[in-house]
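The structure under discussion appears below in the form of structure tokens.
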Amino acid sequence: MSRSRSNTTGPRARDVGRIGGRKFMRYAPLASAISAILSAGMPAHAASETEASSGALEEIVVTAQKKVENLQNVPISIEVLDSEKIEKLHIANLDDYVKYSPGIALVRGEGQGGNGEPGTSHIYMRGVVSGGTNHSGSQPSVGVYLDEEPVTTIDGTVDVHIYDIQRIEVLEGPQGTLFGASSQSGTVRIISNKPDPTKFEASYELTANKIDHGGVGYEIDGMVNLPISPILAVRLVGWDQHDGGFIDNVAGTNANAGIIDGVRSFPSWSTTGTTNGVPNNGGIGQGSISNAAYVKNNYNTVETKGGRAALKLDLGDWTVTPTVMGQRVTSEGFFGYDPAVGDLQLAHFGPEYSSDSWMQGALTVEGKVSDFDIVYAGAYMKRTLQSVADYSDYSYFYDKIDGYGASWTGSKTAGTSGGSPIMPQELVVSNSSFEKFSHELRVSTPQDLPVRGTVGLFVQRQQHRISEDYTMPGFDFSSPYGGNANGFDPFYSIPGHPNTIWLTDETRVDRDKAVFGQVTWDITSQLELTGGLRYFKADNTLEGFYGYSLNFSPHGSGMSKCFAPAVTVGAPCQNLGNRDTEDGHVPRVNLTYKFTKDAMVYATYSKGFRPGGVNRTAQAGIGPYQADFLTNYEIGWKTQWFDHHLRWNGAIFKEEWKNFQFSFLGENSVTIIENGGDAQITGIESELEWAATSALTLAFNFTWLDPKLTSNYCGEEDATGQPARSNPCPAGLGSPDQTNPQPYPPLAPTGTVLPITPKFKGNVIARYVLDPIGGWEPNVQAAFVYQSQATPALKTADVQFIGVMPAYGMADLSAGVEKSGMNIQFVVDNVADKRGQTSRFEQCTVSVCQQPYVIPVQPRTYAIKFGQKF
């Protein structure tokens with residue numbers, strides 16, 4: 001709880017101003033010149049509200065620096081979607097707010113048994129991404145907060161349903177000082193509306209929609225705010241949403257992947273066969289599988305249900321706010337299509353579904369001791385993910401290239417080996433759980449002092465239980481978890497896991513502790529200096545089991561590497577148990593100059609970080625990976641013009657990413673993380689909003705980036721154990737000829753553009769409110785978003801196999817009427833039905849599984865909305 005900073009000048013402030021004025025007198029001519037430029041055409045804004053012109057832009061309040069401030073006074077590059085924008089842009093989920101946030105890029109899926117469903121999205125800012133995500137890999141580079149508490153998870157950004165949300169703050173650039181480890185390149189903060197003891201409120205919204213080439217959907221949202229007493233209130237929010245599918249599983253053809261008319265034939269499997277006298281797989285042949293049982297239009301449906309409850313207790317100078325939020329997202333099917341099969345089509349051969357359930361309980365206590373503000377924020381979060389995915393791409397391509405089909409057999413008799421090849425199908429069955437505890441305590445001095453600050457302590461513990469069965473269930477899919485006598489040979493299966501050829505059963509624990517502080521000094525009435533520092537300590541462990549059974553791979557990954565009895569519930573033994581600890585600090589220094597109340601510039605030096613961690617691989621020469629750091633140099637501006645009818649904010653920045661963590665698939669498609677090289681990102685961000693008239697509002701926002709490697713990426717270490725950056729790279733693991741390794745070209749040479757993030761992303765939004773008709777106020781809105789092409793991977797060879805994500809532009813239109821709290825809207829999203837691509841990926845090692853999938857933006861969608869507020 002922070003008092004707003006006074007603009008009046010007290011005796012101490014006047015003294016500081018006189019002292020500071022003598023020190024900075026030599027800069028007066030330059031300051032005067034810049035002030036004259038910025039002030040040109042900018043009428044002075046009177047403090048009184050009665051002098052504000054009708055139709056001016058409203059003030060936006062943020063808490064980006066962990067105190068309440070006007071956006072225009074915060075020397076950070078921030079995109080803000082307040083409650084009004086959220087409603088007008090029809091934002092309901094992560095995909096929606098990413099679309100209208102030029103600073104954020106998103107990727108889904110990326111293979112390895114994933115279906116590309118909601119909840120598997122990973123977000124990035126300012127091009128700080130090297131590609132590759134995995135449950136046993138790097139921590140995210142973007143932090144996500146729900147109110148005061150972090151909800152950042154490794155396996156994908158939590159897709160918080162957006163209803164009754166006060167605002168979404170997108171803090172761009174390193175936020176490591178105040179927000180810690182996973183805020184290396186930025187932070188997203190979702191701020192909910194709080195209970196209000198002073199009034200009763202309620203609202204609801206009903207939506208029906210139809211997707212072109214797809215199904216129908218609906219959304220029901222509701223909220224009620226109940227004042228219980230003058231000091232106590234409760235706020236309840238609930239939602240139920242069904243999204244129609246638009247991907248079709250068809251009896252299609254992709255000859256390169258062995259698929260003809262919905263039948264996939266495997267080269268090394270026997271092409272005929274019976275089991276107990278019954279023709280295998282419907283008689284089509286033991287070396288083939290058919291997707292006839294899974295052919296379905298609108299394959300990828302989603303159900304989202306959840307709620308949020310908050311209690312607010314006002315006790316004079318102290319406020320206590322406990323909250324609980326829960327959500328479950330269940331989906332069917334696969335969310336990408338195979339371009340070789342057809343537009344929005346694919347041919348998949350097994351059951352595919354997922355469930356993502358999470359709950360967060362949080363407590364925020366705010367109060368005062370003397371004139372100091374005290375805030376405690378603590379939370380417990382639990383997330384459970386379950387899924388089944390078709391993985392026949394893996395079994396087909398490894399058989400096609402290496403003839404693995406001869407090794408994947410069933411048994412003639414239970415308990416014996418040497419049976420004939422089983423049906424060549426593979427599924428990935430995942431059951432994972434995630435828990436997070438976090439506690440933060442901070443103290444702030446009075447905000448009206450010329451020198452003021454915030455200090456705090458932060459503790460966090462994340463535990464991730466990872467369980468994945470790669471099963472070959474034979475001809476009976478009734479139980480993909482195992483137990484089918486016609487499935488994979490029990491002699492070769494993982495003990496205790498019938499039909500399982502590969503098992504991942506691990507526990508990952510990430511522990512973070514930090515102390516942080518930030519101090520601001522008003523050097524003069526116009527010049528402000530801020531300094532911050534965060535000292536952190538990370539302690540990360542990864543233990544359990546991954547790999548094959550001893551009988552299947554007596555000298556490879558898996559049980560042959562075990563060194564102790566099992567430490568996880570489902571594992572046969574332990575072959576993984578490593579720890580990585582490290583500490584360090586990240587600084588922030590900011591200088592702000594206010595030319596007028598409505599114009600300021602700032603210069604920032606800041607750092608962000610991700611902790612290092614443990615590699616789970618038996619591949620020689622691969623050890624733990626270390627923390628990587630992002631250094632940011634930024635100049636920004638916040639300005640308002642023409643009596644607050646025009647707002648223009650922006651920033652120019654240069655970021656240096658040293659020894660960044662790079663994920664890639666090594667032997668047996670196991671993810672490896674290395675500190676792979678250096679990169680540099682330069683960019684420009686601009687946000688322009690104009691209340692052109694009392695009826696017309698225009699906005700134009702964009703981010704332009706130039707993210708590229710500044711050293712070669714070799715995927716090897718040199719003789720000193722450091723990442724090799726020479727050209728050609730040294731002989732070793734990456735050499736095409738492993739029997740006689742030779743020097744080879746870089747896997748990604750200097751100048752390679754970093755993946756996922758487009759160089760340009762922007763939007764234009766126009767909204768017009770017409771004169772009332774019969775008490776109803778009509779409105780129309782048009783929005784256009786555009787982004788340039790992006791690559792899906794860093795390595796040159798991977799991009800050649802997978803392809804690029806082309807540039808696209810997408811228009812949304814809406815029209816509606818409002819009256820006395822009622823709102824009716826007709827919305828058309830993606831009017832031209834553009835097939836924009838958010839992700840391209842393959843299901844296993846790129847050079848092996850040469851079958852790229854595309855996750856598209858949702859096709860043209862028509863919706864009608866009816867809402868009411870009380």
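The values are calculated or read from the model by the stated rules, or taken from the named source; none is laboratory data. Note that the coordinates shown come from a computational prediction; the quantities given were computed from them, not determined experimentally. Every residue, glycine as well, gets a Cβ built from its backbone with ideal geometry; the counts of neighbours run over all protein chains shown. Note: accessible area is taken over every heavy atom of the protein model, side chains too, but ligands, DNA and RNA are not part of it. Shrake-Rupley method; radii C 1.70, N 1.55, O 1.52, S 1.80 Å.
Summary table below
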{"quantity": "Some residue of region 498-519 being out of contact with any strand residue (DSSP E or B) (no Cβ under 6 Å at 6 or more places or on another chain) and of a type in the set (A, V, I, L, M)", "calculated": "no"}
{"quantity": "Within region 78-99, tally of residues that are closer than 24 Å to GLN789 by Cα, in contact with a strand residue (DSSP E or B) (Cβ under 6 Å, 6 or more places away or on another chain) and assigned to a loop (DSSP other than H, G, I, E, B)", "calculated": "0"}
{"quantity": "Failed item in (1) touching a Ser or Thr at 6+ places or on another chain (Cβ under 8 Å); (2) over 17 Å from PRO174 (Cβ atoms), with PHE653 passing the rest", "calculated": "(2)"}
{"quantity": "Selected residue (criterion: nearest to ALA679 (Cα to Cα)) from residues of region 724-753 that are modelled with pLDDT of 70 or more and of a type in the set (A, V, I, L, M, F, W, C)", "calculated": "VAL753"}
{"quantity": "Test: residue in region 854-868 that is open to solvent by 30 Å² or more (accessible area, probe 1.4 Å), farther than 30 Å from ASP771 by Cβ and of a type outside the set (A, V, I, L, M, F, W, C)", "calculated": "yes"}
{"quantity": "Flag if SER182 is in contact with a strand residue (DSSP E or B) (Cβ under 7 Å, 6 or more places away or on another chain), of a type in the set (Gly, Ala, Ser) and buried (at least 20 other Cβ atoms within 10 Å of the Cβ)", "calculated": "yes"}
{"quantity": "From the options TYR625, TYR593, residue that is hydroxyl-bearing (Ser, Thr, Tyr), farther than 30 Å from GLY496 by Cβ and over 25 Å from the mean Cα position of the chain (by Cα)", "calculated": "TYR593"}
{"quantity": "Every residue from region 629-640 that is of a type in the set (A, V, I, L, M, F, W, C) and surrounded by fewer than 20 Cβ atoms within 10 Å (Cβ to Cβ)", "calculated": "PHE629, ILE635, TRP637"}
{"quantity": "Condition met for ASN193 (of a type in the set (S, T, N, Q) and open to solvent by 10 Å² or more (accessible area, probe 1.4 Å))", "calculated": "yes"}
{"quantity": "Residue in region 648-657 that is of a type in the set (D, E, K, R), closer than 17 Å to SER606 by Cα, open to solvent by 30 Å² or more (accessible area, probe 1.4 Å) and not in a loop (DSSP other than H, G, I, E, B) present", "calculated": "yes"}
{"quantity": "Index of the failed condition, HIS161 passing every other in (1) open to solvent by less than 10 Å² (accessible area, probe 1.4 Å); (2) farther than 27 Å from GLU352 by Cα", "calculated": "(2)"}
{"quantity": "Unmet criterion (only one of (1) within 30 Å of GLY113 (Cα to Cα); (2) of a type in the set (Lys, Arg); (3) surrounded by fewer than 16 Cβ atoms within 10 Å (Cβ to Cβ)) for ARG840", "calculated": "(3)"}
{"quantity": "Strands (runs of 3 or more DSSP E) completely within region 174-277 that count 3 or more residues being in contact (Cβ under 8 Å) with a residue 40 or more places away in the chain", "calculated": "186-192, 201-211, 216-229, 232-243"}
{"quantity": "Verdict on PRO587 being part of a loop (DSSP other than H, G, I, E, B) and in contact with a helix residue (DSSP H, G or I) (Cβ under 9 Å, 6 or more places away or on another chain)", "calculated": "no"}
{"quantity": "GLN425 modelled with pLDDT under 95 and farther than 21 Å from TRP502 by Cα", "calculated": "no"}
{"quantity": "Residue check, VAL799 open to solvent by less than 60 Å² (accessible area, probe 1.4 Å) and more than 23 Å from the chain's Cα centre (by Cα)", "calculated": "no"}
{"quantity": "Test set (1) open to solvent by less than 20 Å² (accessible area, probe 1.4 Å); (2) closer than 30 Å to THR445 by Cβ - ILE374 fails condition number", "calculated": "(1)"}
{"quantity": "Selection from region 542-558 of residues that are crowded, with 18+ Cβ neighbours inside 10 Å and either out of contact with any strand residue (DSSP E or B) (no Cβ under 8 Å at 6 or more places or on another chain) or assigned to a strand (DSSP E or B) (or both)", "calculated": "LEU542, GLU543, GLY544, PHE545, TYR546, GLY547, TYR548, GLY558"}
{"quantity": "Test: residue in region 111-132 that is in contact with a His (Cβ under 8 Å, 6 or more places away or on another chain), part of a loop (DSSP other than H, G, I, E, B) and at pLDDT below 95", "calculated": "no"}
{"quantity": "Any hit, region 673-683, residues being modelled with pLDDT of 95 or more, of a type outside the set (S, T, N, Q) and within 24 Å of VAL142 (Cβ to Cβ)", "calculated": "yes"}
{"quantity": "In region 138-152, the residues that are open to solvent by 10 Å² or more (accessible area, probe 1.4 Å) and of a type in the set (Val, Ile, Thr)", "calculated": "THR152"}
{"quantity": "Members of region 94-106 found to be within 9 Å of the chain's Cα centre (by Cα) and either at pLDDT below 90 or surrounded by fewer than 23 Cβ atoms within 10 Å (Cβ to Cβ) (or both), listed by number", "calculated": "LEU106"}
{"quantity": "Among (1) modelled with pLDDT under 95; (2) surrounded by fewer than 16 Cβ atoms within 10 Å (Cβ to Cβ), the one test that THR845 misses", "calculated": "(2)"}
{"quantity": "Any chance ARG616 is open to solvent by less than 20 Å² (accessible area, probe 1.4 Å) and farther than 18 Å from SER493 by Cβ", "calculated": "yes"}
{"quantity": "Qualifying residue in region 317-330 (condition: out of contact with any strand residue (DSSP E or B) (no Cβ under 6 Å at 6 or more places or on another chain) and either at pLDDT below 95 or not in a strand (DSSP E or B) (or both))", "calculated": "no"}
{"quantity": "Region 447-501 - residue that is in a strand (DSSP E or B) and either more than 27 Å from SER136 (Cα to Cα) or at pLDDT below 85 (or both) and, of those, most open to solvent (accessible area, probe 1.4 Å)", "calculated": "LEU457"}
{"quantity": "Out of ARG579, ARG511, ARG534, sole residue that is basic (Lys, Arg) and either touching a residue at least 60 places away in the same chain (Cβ under 8 Å) or not in a strand (DSSP E or B) (or both)", "calculated": "ARG534"}
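One line per residue, one yes/no per condition, for (1) in contact with a strand residue (DSSP E or B) (Cβ under 6 Å, 6 or more places away or on another chain); (2) more than 22 Å from TYR97 (Cα to Cα); (3) of a type in the set (Val, Ile, Thr):
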{"position": "THR757", "(1), (2), (3)": "yes, no, yes"}
{"position": "VAL764", "(1), (2), (3)": "yes, no, yes"}
{"position": "VAL769", "(1), (2), (3)": "yes, yes, yes"}
{"position": "PRO772", "(1), (2), (3)": "no, yes, no"}
{"position": "PRO778", "(1), (2), (3)": "yes, yes, no"}
{"position": "ALA782", "(1), (2), (3)": "yes, no, no"}
{"position": "VAL799", "(1), (2), (3)": "no, yes, yes"}
{"position": "PRO806", "(1), (2), (3)": "no, no, no"}
{"position": "PRO852", "(1), (2), (3)": "yes, yes, no"}
